[in-house]
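Here the structure comes first, spelled out in structure tokens, and everything after it is commentary.
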Amino acid sequence: MAMGGAFVATVDDPFALYWNPAALTRVPKISLALYMSNLPTDGQYNYAAYAHPTLFMGTFSTGIMQITTDDIRTTSDDGSFTGNLNYGRTLFLFGYGIEPLSWLSGGATLKIERAVFPGYDDPQTGSATSLTESSVGMDVGLLFTSQFNNLLLRNSTLGLNLQNGLRRSMRVFEQRENMPMNLRIGLARDFIPESENRLRMAFEIEKHEKSSVPTRFHLGAEYSWRDIAFLRMGLWDGQLTYGGGLKFIGMQLDYSYWSTKEAELQNSHRISLVFSLGKSIEERLQDAEYRRMQELEKELKRQQEFEEKQKINEARTKAKQAFELGNLIQARIQVYKALAFDEPGNSPEFAQDRMLLDQIEEKLEEQRRAEEEKARERSEAELRRQQKADQIREHWNQAQAYYQDENYPAAIAEAEKALELDPERKDIQNLKELAENDRKEKIYELVETGRNLGKQGRNTEAIDYYAEAKLLAQGNSSLESFLQNQIEQLRRSLDYEDLLRRAMIAENSKNWNQAVQLYKEALQIVPNNEALKEKYDQAYARANAVNEDLLPEAQALYSQGSQAFLSGDYEQALQLYQRALKIQPYNSLLLKSIDVTKAKINERSTVENR
């Protein structure tokens, strides 16, 4: 009202149930609004509305509007007092708003009215009676938000509200009262939106169904200071209105003063109060996204652990079989594959693998010593011949081991080294040709599989196959360039989910630079995702960690955190470490302490869940 009634494109609270039901989608939180105003002849105009926005099903709203005048004195034809009557009209409103497109919202308000009028005098008693009538009607509204960024249309909104699109109708005495349709079209625009303060201008046209009612124009302005205090002015059909508001602790109090030019009416004060409850839709969406990311991270971690265990068990089995067959080189290769997953380097889980490696090294040392003893017994020429033969045999064994493991580039390299010493060895030449042919076939299979996966939209899996093919194509620059181009094309077509999965995998593998790059690419898709920003900041800190001395304040927090860690209070330790990290965000000691503490918390949580 303080903005001169130019509100059809501006409303963003539960009062949208009346002004424009399409704007219910702009109510950010669950809200309750109360409104009251004085009317002439001791009348009262009260209004209460409730809005409940949902995440994906639009916004539901309900309200009640009431106009009453009590203690109306009635008299008979001779002027004698016959009693007191009440006049009242109550309007029950049920609204719904939905946003099918980012620039379009729609809504409707169902109205059920109940009216109490003074009636005929009772013919027997002569006392006054009342009449009660009911009716049903509906408003429909639209809201268009400008998607243009030019100087004329940016930050602007167009609103339309057809009031009584479905007319309410009721019979009063011998006549029927039909509520006429009323069309409101308004345009609002925000100025200096980048500032913490905002100026909003609004213009509205109100067109009545009856030609006898003139078209009304409404103009309003609102200045917002830090979204806390508000000043408003307007023109209601040429009549000045003004008011203000104050927002604090989840509540907003608004006041307007109406100075009417109608002689039979009086000036009125209008007050409303809006209560906002809980989190906003944006905050609830962020919470849901954060929970989804946590579940995805746990799922990926479980999958990675399962795959790691499979690879470890496979390497252990091959190592034992090779050791029992006396193929020590192959056994050592497989043991190293298993030990590659021993990040600390001394995990008890890999004690048997380290023991087997010691046995293999001991056997190899025995073989080397035996060969040296034999070499000393031979002549110098025989020794050189034998050394050459040993080198050829070692390269031959390595080539065979790599070939059995399908590491064709390494097998070819070892075969070439052997052929440099003995170019006439047909078996080595055959192995090299076989490895080259198998490598070509393997590359073709991987490329074909990657191409089919790419056609199916499974880009992440396709990249893995192309990357494996690229490893096999080492030394062939043109083929490597072709495969790299395929990988880059697939990476550019990856959607947000693929980037997020790969980033988490890189993070779990502690490949921080790759994780930073992938999180950065994901942020280009969803730049306002706070949970994703947090993941990016964590990865960036670890990728750029430095060894530096702790500052005194950070050292104190670190010491307190270490004491809490040693006492088993890992949650307290984590809070202290994180406070210290705010002082020195790239300190490698603090980052490592945080990672170890989180691992302890997760480990204890896993044990408790079991």
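The values are calculated or read from the model by the stated rules, or taken from the named source; none is laboratory data. What you see is a predicted model, and the numbers here were worked out from it, not measured in a lab. Cβ atoms come from the backbone with ideal geometry, glycine included; neighbour counts cover every protein chain shown. Keep in mind that these areas ignore ligands, DNA and RNA; they rest on the heavy atoms of the full protein, side chains included. Shrake-Rupley method; radii C 1.70, N 1.55, O 1.52, S 1.80 Å.
Loop-resident chymotrypsin sites (Phe, Trp or Tyr not before Pro) (DSSP state other than H, G, I, E or B) in the range 517-591 with no more than 16 further Cβ atoms inside 10 Å of their Cβ: TYR586. For the range 324-371, the list of chymotrypsin sites (Phe, Trp or Tyr not before Pro) that fall in a loop by DSSP and count at most 10 other C-beta atoms within 10 angstrom is empty. Surface exposure of the chain, expressed per residue as accessible area with a 1.4 Å probe, stands at 58 Å². Of the trypsin sites (Lys or Arg not before Pro) found in the range 194-223, those in coil by DSSP whose Cβ has at most 12 other Cβ atoms within 10 Å are LYS210.
In this structure, ASP358 and LEU325 have a Cβ-Cβ separation that, at R0 = 22 Å, corresponds to a calculated FRET efficiency of about 0.70. Between ASP438 and ALA467, the simple spin-label model (points 7 angstrom out along Cα→Cβ) gives 2.4 nm. Each of ASN197 and ASP569 was given a label point 7 Å from its Cα along the Cα-to-Cβ line. The distance between the two points is 4.7 nm. Express in whole angstrom the spacing between the alpha-carbon centres of the range 514-542 and the range 379-439. If we compute the Cα centre of each part, the gap is 47 Å. Solvent-free Debye calculation, one equal scatterer per alpha-carbon of the range 495-610: log10 I(q)/I(0) at 0.18, 0.23 Å⁻¹ equals -0.96, -1.19. Accessible surface for VAL116 stands near 30 Å², nearest 10, in the context of the full protein assembly shown (1.4 Å probe). For the chain, the longest principal axis of the C-alpha atoms and the axis of helix 477-493 are separated by about 20°. Checked against a 21 Å cut-off, the cross-linked pairs LYS301/LYS600; LYS29/LYS533; LYS298/LYS533; LYS320/LYS417; LYS455/LYS535; LYS337/LYS598 give Cα-Cα distances beyond that limit for LYS29/LYS533; LYS320/LYS417; LYS455/LYS535; LYS337/LYS598. Give the value in nm², to one decimal: projected area of the alpha carbon convex hull of the chain, averaged over all directions. For the chain, averaging the hull's shadow over all directions gives 45.9 nm². Principal-axis analysis of the Cα atoms of the chain puts helix 408-421 at an angle of about 20° to the longest axis. The largest accessible area among LEU581, LEU153 belongs to the first residue in LEU153, LEU581, and the rest follow in falling order (1.4 Å probe, all chains).
Taking the protein heavy atoms of the chain in the context of the full set of protein chains, the accessible area attributed to carbon and sulfur is 53 percent at 1.4 Å. Value of Rg to Rh for the range 326-461, rounded to two decimals, is 1.11; Kirkwood radius and Rg both from alpha-carbon coordinates. In whole percents, the pair-distance distribution calculated for the range 410-517 from its alpha-carbon pairs, binned every 5 Å from zero, is 2, 12, 17, 17, 15, 13, 9, 7, 5, 3, 1, 0. Taking all protein chains as shown and a probe of 1.4 angstrom, MET138 keeps an accessible surface of around 60 Å². The convex hull drawn around the Cα atoms of the range 392-437, when projected onto a plane and averaged over every direction, covers 2.5 nm². Surface calculation, 1.4 Å probe, protein heavy atoms: ILE392 sits at approximately 10 Å² accessible. Quick one: Karplus J couplings for the range 587-599, per residue in order, coefficients 6.51, -1.76, 1.60, θ = phi - 60°, nearest Hz, x for Gly and Pro? For the range 587-599, the Karplus curve yields 6, 5, 5, 5, 5, 5, 4, 5, 4, 5, 5, 4, 4 Hz. Relative to the longest principal axis of the Cα atoms of the chain, the long axis of helix 459-472 lies at roughly 20 degrees. Once backbone amide H atoms are built at 1.01 Å from N, PHE191 has LEU199, ARG200, MET201 as its partners under 5 Å, excluding neighbours fewer than 5 places away on the same chain.
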